[in-house]
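Since every read-out is calculated from the coordinates, none of them should be taken as a lab result. Please read these numbers as outputs of a predicted model, since none were measured by experiment. Quick reminder, even Gly has a Cβ in these numbers, built from the backbone with ideal geometry, and neighbours come from all protein chains shown.
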Amino acid sequence: MPYLGSEDVVKELKKALCNPHIQADRLRYRNVIQRVIRMPGVQEYIQQPILNGLRDKASYVRRVAVLGCAKMHNLHGDSEVDGALVNELYSLLRDQDPIVVVNCLRSLEEILKLEGGVVINKPIAHHLLNRMSKLDQWGQAEVLNFLLRYQPRSEEELFDILNLLDSFLKSSSPGVVMGATKLFLILAKKFPHVQTDVLVRVKGPLLAACSSESRELCFVALCHVRQILHSLPGHFSSHYKKFFCSYSEPHYIKLQKVEVLCELVNDENVQQVLEELRGYCTDVSADFAQAAIFAIGGIARTYTDQCVQILTELLGLRQEHITTVVVQTFRDLVWLCPQCTEAVCQALPGCEENIQDSEGKQALIWLLGVHGERIPNAPYVLEDFVENVKSETFPAVKMELLTALLRLFLSRPAECQDMLGRLLYYCIEEEKDMAVRDRGLFYYRLLLVGIDEVKRILCSPKSDPTLGLLEDPAERPVNSWASDFNTLVPVYGKAHWATISKCQGAERCGPELPKTSSFAVSGPLIPEDNKEREQELPDSGALMLVPNRQLTADYFEKTWLSLKVAHQQVLPWRGEFHPDTLQMALQVVNIQTIAMSRAGTRPWKAYLSAQDDTGCLFLTELLLEPENSEMQISVKQNEARTETLNSFISVLETVIGTIEEIKS
Amino acid sequence: MISQFFILSSKGDPLIYKDFRGDSGGRDVAELFYRKLTGLPGDESPVVMHHDGRHFIHIRHSSLYLVVTTSENVSPFSLLELLSRLATLLGDYCGSLGEGTISRNVALVYELLDEVLDYGYVQTTSTEMLRNFIQTEAVVSKPFSLFDLSSVGLFGAETQQSKVAPSSAASRPVLSSRSDQSQKNEVFLDVVERLSVLIASNGSLLKVDVQGEIRLKSFLPSGSEMRIGLTEEFCVGKSELRGYGPGIRVDEVSFHSSVNLDEFESHRILRLQPPQGEWDRGSGRLQVYLKLRCDLPSKSQALNVRLHLPLPRGVVSLSQELSSPEQKAELAEGALRWDLPRVQGGSQLSGLFQMDVPGSPGPPSHGLSTSAPPLGLGPASLSFELPRHTCSGLQVRFLRLAFRPCGNANPHKWVRHLSHSDAYVIRI
């Protein structure tokens, strides 16, 4: 509950606001305007002082008044936009005082939030670019961010802008450098060589930030380095020593650095990087040591022999926390790189003495089961496990043991038959865990069917090198993450960010849910922070759908009713229908769902909106009538342009067609 | 756009809390932040945390947490920069940044925050502009005492060497107090270098990295121009060659925007019109290949040398044989700590430590020269300060002020060179 102020405070504030010369004392003016944010009772009193403030001679007063406009707007609560005020703020963009200019942008952004924020057209963009050098670093960083939404009209203009921005890449403030870099990446999205060039130039500032005194800055910079490495794997290879961990760094920075080292490894530095990583494996912190071992395992997919040798040496240390992770790494490795199986099998004997935890035991037992025919003492190691199965605490280990022993029985029956019998007996007669018992029963019955059947079922391939390709994400184009650069996305990590924005979305949508009717234009918004999930539409010719801010249902309804249908079409549609799938697919191509009926409703309807880079709006209605096996599409457009309309419809058709294919 | 800003003590007590937007939570957000921070699993980074639609971004500075919350996907670089700038600014105004000074100057801090941020947007952070608006005066608890070395920052009495400095610059607010007209005009110039060195077990250098900056703290009336002369052999990049001999080679330099670089190319002179307060004058990354033996030039000395050697688990007893009485060695948290208050250049010190490792009769580790180390004997890290010495050889030749002080005597100028170890690690 925000503090609303006692009655006296409100009264005092009203009195102050009624003073026609309040802005004569600038500090007093500021104090009053700053306090209004929590006091809804004073709305009608603020307007005049703020309007006076906008025209005041003192720049300090104008700064306060400009932000006051945003406060006033937000205080009113309703989304009514005062056109005259907006115009005044736009004209104040030409103010002498740089801070007033930046405040105007901020204020307009808040007031026009529902209409997509402040509009940056050509004159404004050029004006801002010319004023850039007068701003301080905070202003520069912010203006660079606003300029992201400006689309230069010609190539010539684009390169003029890039030239103007050049000096900001050399700024001493990392915020400005990163802001300028992002703007470069976004503006030059069709010129990959310019993008690469910029990333080369930002290397210095990023590396400086990576070894900065401030741990926090260092961490954020490392996250961005990883982002760049996803697209340009060799980018930091010659600077690999910068990413060596130093003893006193906190854990989270060390982990990031190890990840970076993994990603920048190449033929020239692999020797040094592996030596460094080996040093970390004996770190006092067990967590960090294990992370380093997993990292070596990751590098082993490319440089198998060297890594397997290092890992084998680590086994010689006979440390529990090291051995267990090494064995797990081996298990993953033989699955992806079958050529190292021989070396791994030779290294395994003796490990069992140093493994106590569930994960490690499972990995070891799996290896013994699958590659047991190459490990001479495999049956005896497994026999030890069978002997001690009663005291085994992890059910997962018992399950793994059952499968492994049965596999080994197929290749070395004489040595295994007796203990397999004992294990099965134990699992069926004495085991209390149902899953283990069922697994035991299942294998028992399988054996009753006959040995050939067991072979057919259990002897699957022992490795799958193709999985490595699937797991290793291919080099991603710079454009896929350019819009995430210099935001929180790389810092959280893509996956974590997705869950954050999802739960944020759910929260915002939450209170509206009860109102859901079968379908309605004013139904629940499907919120999705599309700004962050910007994805380029692949080759759709001239059409470029931009992830616009979510239209409100009301605004959509108004626009929908005011426009005529520009295009209508019927697509065939059979069988089942999953609205969620469709919505997700549409999201990918930047078409937003405004409202849709619940699955199974007949007829089923959905309303969609999309906007292209020139600001043209496409509003769409989907109408599905299962009886007729067809889907009717009606599209309305706020600017009549057949060319873009046709591209839009082809995009829509592709999406719907794809969904139909997946389903059938 | 910032929703809230707060400062927490190292124990999590909120010292300062400010809500800029009036739309989110309340003071318990600060408590929530601290709970989240302390409950974080080890492998997750605390720098940016998310809770309930709100991002927490913080820095740790002089054992305080400076935290902002925001609900938008902002630029992390700018925010962290703002936080460090705020930390410096608060240090400038309150004398030094610490739990004590903050809680003594709460009114001043809120006044500053009111000026710096409006509705969650940065207005200005320049000491110059802010001084026109800040009315409250800093409460400085006690006169600077030579023996109180706990609350000092970078300037002034960080090392014993600076005991000679007669001023209390370290804990003095930049804003000249109106009552005290006899304030001296003073300029402090620090050349600070941070060394990170990694030495392999065979003695070869794996990594040497020096990051340095020149910092200026000025108590002069603003707008006065000053000239700083740097060593002439200062070259930037790999190709440039200047002067004779090895020279100083810097990979990269960046300058603060107030630095006038006209004369830099020709004479290595920086001209600037400094705003008051503390600013990074420029920072450079430097890669120098130098072989550092225990012996520095005999006229310089290393101070506060501390050797930290992690020991195998279970080591209990320690017997020591040290060469001078002022050294100290003790076992703490599974590691050996050997403190040497000062090491004269050109000298050699030795210590013989003997420890009992349970289980295996471990070989007595003699200094750093063990042959086959038992597991758990970690890399030795060394921390030290080298006053009056820069590893790169960068020197400030002169510092000239180009203005006539009105009435007052000539301003005092203090120039200090200092290197300290960021990470100096020797693998065993």
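Listing for the model above:
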| read-out | value |
| --- | --- |
| Cut-off under 5 Å, modelled amide H: who pairs with A:E639 long-range | A:L617 |
| Calculated FRET efficiency for the pair A:L441/A:R374, C-beta based, R₀ 30 Å, to 0.05 | 0.50 |
| Derived scalar couplings ³J(HN,Hα) [segment A:44-54; Karplus, 6.51 cos²θ - 1.76 cosθ + 1.60; whole Hz; x for Gly, Pro] | 5, 8, 7, 3, 5, x, 6, 4, 4, x, 4 |
| Point-to-point label distance, B:L40-B:S10, nm (Cα→Cβ direction, 7 Å offset) | 1.8 |
| Fewest-first ranking of A:V9, A:V570, using other Cβ atoms within 10 Å as the exposure measure | A:V570, A:V9 |
| HN-Hα J in Hz across segment A:113-130 - Karplus 6.51, -1.76, 1.60, θ = phi - 60°, x for Gly and Pro | 3, 6, 8, x, x, 5, 8, 9, 8, 4, x, 5, 4, 5, 4, 5, 4, 6 |
| Amide H contacts of A:L545 (H built 1.01 Å from N, under 5 Å, at least 5 apart or other chain) | A:L537 |
| Residues with amide H under 5 Å from that of B:L206, placed H, sequence gap 5 or more | B:L198, B:I199, B:A200 |
| Exceeding the 30 Å Cα-Cα cut-off - candidates A:K170/B:K207; A:K257/A:K398; A:K432/B:K36; A:K257/B:K413 | A:K257/A:K398; A:K432/B:K36; A:K257/B:K413 |
| Global form of segment A:166-267, assessed from the alpha-carbon gyration tensor, a/c cut-off 1.5 | oblate |
| Most positive-pole-ward Cα, A:L158, A:F442, A:Y252, against dipole of chain A from beta carbon charges | A:L158 |
| Listed residues A:A585, A:V478, A:M132: farthest to the positive end of the dipole of chain A (Cβ charges) | A:M132 |
| Modelled FRET efficiency - R0 35 Å, A:E639 with B:M129, Cβ distances, 0.05 increments | 0.15 |
| Burial ordering of A:E400, A:E630, A:E156, fewest other beta-carbon atoms within 10 Å first | A:E156, A:E630, A:E400 |
| Unsatisfied cross-links (Cα-Cα over 29 Å) in the set A:K182/B:K217; A:K15/B:K18; A:K494/B:K18; A:K494/B:K11 | A:K182/B:K217; A:K494/B:K18; A:K494/B:K11 |
| A:L317-A:A58 pseudo-label distance in nm [points 7 Å out on the Cα-to-Cβ vector] | 6.6 |
| 24 Å tail of the calculated P(r), segment A:6-119, as % of Cα pairs | 21 |
| Within-14-Å neighbourhood charge of A:L652 [Cβ basis; K, R +1; D, E -1] | -3 |
| Within segment A:23-127, trypsin sites (Lys or Arg not before Pro) in DSSP loop having at most 11 other beta-carbon neighbours inside 10 Å | A:K57 |
| For segment A:82-228: rounded, prolate or oblate by the Cα gyration tensor [a/c cutoff 1.5] | prolate |
| Ratio Rg/Rh, restricted to segment A:365-462 and using Cα atoms, in which Rh is the Kirkwood radius | 0.93 |
| Derived scalar couplings ³J(HN,Hα) [segment B:104-117; Karplus, 6.51 cos²θ - 1.76 cosθ + 1.60; whole Hz; x for Gly, Pro] | 6, 10, 3, 4, 5, 4, 5, 5, 4, 4, 4, 7, 6, 10 |
| Mean separation of Cα contacts under 8 Å (6+ apart) over length of segment A:365-462, as relative contact order % | 26 |
| Residue exposure sequence - B:Y121, A:Y444 - by fewest surrounding Cβ within 10 Å | A:Y444, B:Y121 |
| Förster radius 60 Å - calculated FRET efficiency between A:Q356 and B:V139, Cβ distance, rounded to 0.05 | 0.55 |
